[in-house]
1. Could you tell me which residue of segment 11-33 is surrounded by the most Cβ atoms within 10 Å (Cβ to Cβ), considering only residues that are part of a helix (DSSP H, G or I) and β-branched (Val, Ile, Thr)?
2. For a quick check of your reading of the model, give me the residue pairs whose first member lies in segment 55-78 and is within 26 Å of Glu12 (Cβ to Cβ), whose second is assigned to a loop (DSSP other than H, G, I, E, B) and open to solvent by 20 Å² or more (accessible area, probe 1.4 Å), with beta-carbon atoms closer than 6 Å and at least 6 apart or on different chains.
3. I'd like the full set of residues that are closer than 21 Å to Val92 by Cβ and open to solvent by 30 Å² or more (accessible area, probe 1.4 Å), limited to segment 48-69.
4. Across segment 78-130, what is the total count of residues that are polar (S, T, N, Q) and assigned to a helix (DSSP H, G or I)?
Amino acid sequence: MLIRPETPKDYEQIYQLIKSAFANSEHSDGTEQDLVERLRRSSSFIPELALVAEIKGEIVGYILFTQVRIGENIELSLAPLAVLPSIQKQGVGKALIKQGHEIAKQLEYHYAIVLGNPDYYGKLGYQPARQFQITAPFEIDDTFSWYLSSIRRKIT
């Protein structure tokens, strides 16, 4: 598997991948692929942190980290993480997160926040954000929570 930054020629494949990955997701509103397009045009976009995973030349996974303000700090938000449904649960998402964190560390970010499934993100080092007095700016149900992961330092 090759993990690399996205390029403009990847955009249509990424759009379709995200649409497919979230098609049957319980918590999807069906617009995750459009969110990516909006984030690319925003001042929060970081090209080095828009990554694809390729297997045999086919894009099978995607991750995007963008800048977010948490209190007085500019850190990262992970959204979305998408893997082709036929190869989910084979480590592609984990590999994308790990590579994204490595790049984020080099870019001197300290932590990333994600709105996601506790069973999945908890296994990858993300902790409930409420432990750090960070709450979502909108209402979310108990099965879907904000999670925080340290990239460079211990979070206190």
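1. Ile18
2. Ile55/Met1; Val60/Leu84; Thr66/Ser44; Gln67/Ser44; Leu76/Tyr109
3. Correct list: Glu48, Glu54, Ile55, Lys56, Gly57, Glu58.
4. Adding up the residues that qualify gives 3.
The values are calculated or read from the model by the stated rules, or taken from the named source; none is laboratory data. Keep in mind it's a predicted model, so treat the numbers as computed, not measured. For neighbour counting, all protein chains shown are included, and Cβ atoms are generated from backbone atoms with ideal geometry for every residue, glycine included. The protein model used for the area step is the full one, side chains on, heavy atoms only, and it has no ligands, DNA or RNA in it. Shrake-Rupley method; radii C 1.70, N 1.55, O 1.52, S 1.80 Å.
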